[in-house]
Amino acid sequence: MTPSISRLFKSPAAKIRALKVLIWLGACLPLLRLLILGLTDGLGANPVEFIERSTGTWELVFLLLSLSITPLRQWTQQSWLIAVRRLLGLWMFAYACVHVLTYLWLDYSFDWSDIGKDIVKHPYVLVGASAFLLTLPLAATSNQRAIRALKQRWKSLHKLVYVIAVLALLHFWWLVKKDVTEPVIYSVLFAGLMAARWQLALNQRR
């Protein structure tokens, strides 16, 4: 590799492009897996539940990844990492949409009467719906025009991500009946990220 090409791959712009490609590939693979399993009857005895669990889990994964960017940027001193946070957040929203659409369409065929009864019977559905509704303004304002228009209010609005994370975890805990291994893992990761962000904020104040 020539020195000029080497410098090209060391530039922040090149790193951003490469990381975005990896994020796109990583985000599309679970969807491709669901498609292949669906075509080969590999979704198990309850295909709808399988899709709901899978998309809900990946929604949480991308949410935690987006929250990890600020601590990683500070620890590694790689300021360019912030450029991929929006993409991670949008993939979180995309999986949230698929998760909710699976519930409304495949599970209940948009029968709002039955959906209302299910919410009354299973309050975790209401918690999950609340988390999804809070993602809507974040997705709608995840562009440069909104950032310029909202200015400091944009940061205040996007702090809703912490509320969304808590509601999503509560939804997960409430949903799981016996094996709580996964909710515990994601809750510990979230707590660790919040502790790291709190420590960084404290250091900045000092």
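Within the option set Val163, Val176, Val120, being out of contact with any Phe, Trp or Tyr (no Cβ under 9 Å at 6 or more places or on another chain) and modelled with pLDDT of 95 or more holds for one residue only, Val163. Taking the criterion of being aromatic (Phe, Trp, Tyr) and at pLDDT below 95, the only residue of segment 1-44 that qualifies is Phe9. Is it true that Ala196 is touching a Gly at 6+ places or on another chain (Cβ under 8 Å) and not basic (Lys, Arg)? Judged against the criteria, Ala196 is not a match. Check whether at least one residue in segment 120-129 is surrounded by 15 or more Cβ atoms within 10 Å (Cβ to Cβ) and among the small types (Gly, Ala, Ser), and report yes or no. The answer is yes, given that some residue of segment 120-129 is surrounded by 15 or more Cβ atoms within 10 Å (Cβ to Cβ) and among the small types (Gly, Ala, Ser). Looking at segment 45-62, which of the residues that are at pLDDT 95 or above and among the small types (Gly, Ala, Ser) is surrounded by the most Cβ atoms within 10 Å (Cβ to Cβ)? For segment 45-62, the residue satisfying everything is Gly56. Of the helices (runs of 4 or more DSSP H) that lie entirely inside segment 129-200, those containing 1 or more residues that are touching a residue at least 12 places away in the same chain (Cβ under 8 Å) and under 17 Å from Leu64 (Cβ atoms) span 160-175.
Kindly check whether there is at least one residue in segment 137-147 that is surrounded by fewer than 12 Cβ atoms within 10 Å (Cβ to Cβ), within 16 Å of Gly89 (Cβ to Cβ) and of a type in the set (Lys, Arg). No, because not a single residue in segment 137-147 is surrounded by fewer than 12 Cβ atoms within 10 Å (Cβ to Cβ), within 16 Å of Gly89 (Cβ to Cβ) and of a type in the set (Lys, Arg).
Results for (1) within 20 Å of Arg197 (Cβ to Cβ); (2) touching a strand residue (DSSP E or B) at 6+ places or on another chain (Cβ under 8 Å); (3) modelled with pLDDT of 95 or more; (4) surrounded by 12 or more Cβ atoms within 10 Å (Cβ to Cβ), shown as yes or no for each residue.
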site	(1), (2), (3), (4)
Leu65	yes, no, yes, yes
Leu81	yes, no, no, yes
His99	no, no, yes, yes
Thr102	no, no, yes, yes
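In segment 106-120, the condition of being in contact (Cβ under 8 Å) with a residue 12 or more places away in the chain, in a helix (DSSP H, G or I) and of a type in the set (D, E, K, R) is met by at least one residue.
The values are calculated or read from the model by the stated rules, or taken from the named source; none is laboratory data. The model shown is predicted, which means the values in this text are computed figures rather than measured ones. For neighbour counting, all protein chains shown are included, and Cβ atoms are generated from backbone atoms with ideal geometry for every residue, glycine included.
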